[in-house]
Amino acid sequence: MAEGTEILEEYPDHWQVLREILQNSDDSQSTKQVFILDHNTYPGESLFKSELSRFQGPALLSINNTKFNDDDFKSLKNLANSEKQSQYDKIGEKGIGFNSIFHLCDSCSFITDNKLTIIDPHRWCYGGGIIYNDVVTLSQEYHDQFYPFKNLGKFIPFDGSFEGTIFRCPLRTERDSKESEISEEIYEPSQILEMFKKFFEKDSVNCLFFLRYIECIEFYELKEGKSEPELIYKILLKDAEKVREERQMIVKAITLIMKNLKENKPIQETTLDTSYKASIVRYEKEVIVEDSSWLILNMLGNLFDAKKNFHNYFVEKLGFIPNVGLAVKLNLGQGENENNYHGNLFCFFPLQITTPFRVSINGHFAVTNNRRGLWSGETNYSSSDSLANLKIKWNKYLFEEVIPQAWVKFIIKLQAYVDQKEAYYKFWPIADQTQFVSLEFFSDILKNMIKKINQDDEIFWENGQMLSLSTGYFSDGLCAGHDIPNILFVSKFFQEHENWQDKLTPNEILALFDYLLNDEDNEILNDLKMIPLADETFKKISRFGTVTYICSDHQDEDDPREIFKDQLEKFIAKDIPPNLLDRLIAKVKKGWDFKIEILTIQSIAEMVKNKIYQNGNHPNSNDEIVMDNLEWINLEWINRVWCYLCNKFKENKEIDLKIFEDIHLIPTNHNTLRKLKTNQIKYFLNSVEKLQGHFAQIYPVLEKLGIIFINKKFKNNIAPLKTRFSVYICDMSDIASVLTSLNRNGEYNLNKNEVELFIKYLSYYLRFSESHTEYHIETIKCLPIFKEVGKNEPTSLNLKENVTWFFLPTDKEEDYDLIIASESMEFSSLKNKVHNNSIVPCVTIQGKQIKYAKPVDLYDPSIPSIVHLFFDDEQIFPEEKFWNQHKEQLKILGVKTSLSLKDVVERIKTYIERQKMGDNNEVYDKSRNLLIYINDNWNSFKDKNDEFLSFIKSQKWIPTIDQSGDKSFSVSSECRDKSYEHLVSLILPILDYRIENQFRRLLEWNLYPSVDIILEQMSNCSKVA
């Protein structure tokens, strides 16, 4: 029963149930549909089962003139599926409209041919339903079972096979509603009469527009105690035999066409359409209340095109065909105002959507489950729902492609029925903007209709005659009067006539281009040859192919069209009218999708590549190319490009130079071009502005070492943006960049004078550099600038593998790394000679007062626990720069990384001496740091002899706090650490630290204080309290 409940949720209630019944009758090719409200309650004695007596009350009956076939019976076996899904001559999207009757009842029965079928979804009487054969014979035995049918008289003669189908739907009673799992709503006969009335008022004429077979609909009432139904309403297609062939032409052709399409057999790549004038009469009882005339057009769109757009989805997954239709009333009735008259949207039956046009629109749309709307971008659905996306795309396809094409045919047919030809523009798809906020699909029908107009379609009424695009035009005044955008026709004309531009001057083409740019619809420009190029030709406006660039500036010196004269086909012409240029720029900035863009630095980079690497030959692996090998490139052109770029960089500081890094665009002083960025190598200015005067001759030496200098004229061009280029182009005073750019693996032949000059240059600028790294030091080692002990020729430190080199200082501190010796010189003897000599520049903690000291007398400055033991004026650490350069060698030569027992004793003596000088706060902190150091490193001290232990215990150096809270120094026997603070602090000074391990045992602080001291502490505590 869950399926039945879900189906009811998806189907409209009340009079719209009649639509679903009518739809099924049309699908079964019935030409007549009769509805009867039967007020009677019939006897229940002779029934198939006594339980069926509950269904003998008032009922709605539906009669058509077509028998049920085998497929129809199969459909009844499953409430949620249908045999119609692959039958393209059926209207129903799902073919389950029959189920809507269960809004009214909980069971129904019907007679067709000589069979009676009872449908029992609750299984109250049968297991879902049953079919009885031989109705005529059974009706004699079970008279009461068939009495509700026999009482209809002429509608169902019980004299043989019934040539039609009659459904009986007993209305849901109060008892049924309490037991029903389908619906709790009770239906009274009065409600059915109201349904008849609403259908007659709202749908009676409309429902016949796009049905294919139904020609007559009648509504009857069989009053209680009567045996002859009385006519209430009637809707009749007058002279139906005259239009029957046109109404049924498409439905009869579609089955074979779809079969061929699915089997990939050839089909005609065209549309199939039919139109006719229909007269529809409405009767109330026997009185005519309306006789209206309608022009109706039905069209089957190009199935080949639909398959191309949707592949096989529209056949297999969607089950739709591009079947559309249009209908308009030709004779408005009394009281109908043509200005307020609007059509409806149909999916064969009217949907609850009014169009903003005079014309009603039909289509085989993807409708929502309740059949009240269309699947559109306004529909709430999951974005990952592929079927929902297909449905939206399908509806969009019908509105953008098929309906506009049908409308062209429609307005041509309409001309024969409109006396005043100028009035027929009212039937064009011009939306009534004053009264409507409509479905999104309506907005572009007019534009798309105009696109579908062929040049020979006579659609204009001008000067008393109908004209086509090839024989006339739509004046601006007439367009304005009917809200028709003439610009669409202008565009359409140009698209239909390929050589139109040959008849116009360049200025006339530009004027037309400017005119078309006024419209917000960019699509009208597509494929028109209107783009004025800098090479004095015109190019098609397109979304494909190469980009055309707009230059927003007009400065002659910076005009890229002057720089890239061999690529003028890429630029908009320079001399176009300013208003046209402004419109183009505005369109591009709004984000249109044609291949016209505002020129950017990225675009310039691509043009530079095209210029330099003609024929696509980009030497990716080469950092340098010889300019003489490029006949089309010279230094003047390179400098002009950089002049343009520099101006752009000044205008926009966000532009990134990285887009030029892979282009050979840097001219050197050797007439070559190099990439802006190469592997580690930078470029340098050939200038002495920032160099000391005695280094002016360093350039030839640096060139021998692999340094690249840029062309002097190029240097002057980029001078305003020197900071932006500093990543790539540096001054010679930037020693870190020089070292980065040197070739480590080069073979250099420097003479003695060149070596000395380079060493002086290197030594001088290294003193001011804070950015050189280990990489730079390794680069220096690769240069042939070192003198080995015992040899005269300069050498590099990487000539011998697996050799450790050691630097020895000379008299001048800045030259200390010029004399080297290798470990092959018996390093042990060299170490013995060196480590006891004062060769290491050392400083105080603050880096002041440089002097020379022995390595063995100095400490590692990188260990905080050692640094904190010394005073600011003690010179016991190597100078920072020297240490960073030679720390490993200095450690080998004896620089201390920890304190020995002797060092601890010397520290204590120093602290005691400093106590006498009165600077006790700093001494106090240093002493505490030493105690902590000893405690932390106690186990690492070797050969802790009695003399050392006695010295520590006997000296008054331990930092404590006395009873008054003042800082003091104590011997170990007269104080305790923090562990005993609460036992002795009012008697003995306390060390504000907890000593652990063996050091605590040495100080004899592992023993509890004497009883006398604790008693005295207690006494003092009582006094304090």
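Quick one: in the range 537-588, which of the residues that are of a type in the set (Phe, Trp, Tyr) and part of a loop (DSSP other than H, G, I, E, B) is surrounded by the most Cβ atoms within 10 Å (Cβ to Cβ)?
The qualifying residue surrounded by the most Cβ atoms within 10 Å (Cβ to Cβ) is Phe564.
I'm trying to understand the selection: among the residues of the range 103-117, which are outside any loop (DSSP other than H, G, I, E, B), open to solvent by less than 10 Å² (accessible area, probe 1.4 Å) and in contact (Cβ under 8 Å) with a residue 60 or more places away in the chain?
The answer is Cys108, and nothing else.
Residues of the range 789-803 being modelled with pLDDT of 75 or more and either outside any loop (DSSP other than H, G, I, E, B) or open to solvent by less than 90 Å² (accessible area, probe 1.4 Å) (or both), which ones?
Pro794, Thr795, Ser796, Leu797
Take the residues in the range 978-1001 that are touching a helix residue (DSSP H, G or I) at 6+ places or on another chain (Cβ under 6 Å) and open to solvent by less than 50 Å² (accessible area, probe 1.4 Å), then tell me which one is nearest to Ile958 (Cα to Cα).
Ile990
Inspect all residues belonging to the range 292-304 and state whether any of them is modelled with pLDDT under 90 and assigned to a helix (DSSP H, G or I).
Checked the range 292-304: at least one residue is modelled with pLDDT under 90 and assigned to a helix (DSSP H, G or I).
List every residue pair whose Cβ atoms sit under 8 Å apart, with the two residues 6 or more apart in sequence or on different chains, where the first one lies in the range 722-744 and is closer than 18 Å to Tyr761 by Cα and the second, anywhere, is at pLDDT 80 or above and of a type in the set (Lys, Arg).
Between residues of the range 722-744 that are closer than 18 Å to Tyr761 by Cα and residues that are at pLDDT 80 or above and of a type in the set (Lys, Arg), there is no close pair.
Just name the residue that is farthest from Pro229 (Cα to Cα) out of those in the range 144-181 that are within 60 Å of the chain's Cα centre (by Cα) and of a type in the set (Lys, Arg).
By that ranking, first place goes to Lys178.
Taking Leu893 and the conditions (1) touching a residue at least 40 places away in the same chain (Cβ under 8 Å); (2) closer than 26 Å to Phe999 by Cα; (3) of a type outside the set (Phe, Trp, Tyr), which numbered condition does it fall short on, given that it satisfies the others?
It fails just one condition, (2).
The rows are residues; the columns are (1) in contact (Cβ under 8 Å) with a residue 12 or more places away in the chain; (2) assigned to a helix (DSSP H, G or I).
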site	(1), (2)
Gly918	no, no
Val923	yes, yes
Asn935	yes, yes
Asn939	yes, yes
Asp943	yes, no
Glu947	no, yes
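So Ile192 passes all but one of these: (1) assigned by the TED database to the domain that holds Asp27; (2) free of Cβ contacts under 8 Å to residues at least 60 places away in the same chain; (3) of a type in the set (Val, Ile, Thr). Which condition number does it fail?
Of (1) assigned by the TED database to the domain that holds Asp27; (2) free of Cβ contacts under 8 Å to residues at least 60 places away in the same chain; (3) of a type in the set (Val, Ile, Thr), only one is false for Ile192: (2).
Anything in the range 1002-1022 that is open to solvent by 90 Å² or more (accessible area, probe 1.4 Å), farther than 17 Å from Ile952 by Cα and not in a helix (DSSP H, G or I)? List them, or say none.
The answer is Leu1007, Tyr1008.
The values are calculated or read from the model by the stated rules, or taken from the named source; none is laboratory data. Fair warning: this is a prediction, and the values are worked out from it, not measured in the lab. Backbone-built Cβ (ideal geometry, glycine too); neighbour counts: all protein chains shown. When the accessible area is computed, the model is the full protein with side chains, heavy atoms only, and any ligands, DNA or RNA have been set aside. Shrake-Rupley method; radii C 1.70, N 1.55, O 1.52, S 1.80 Å.
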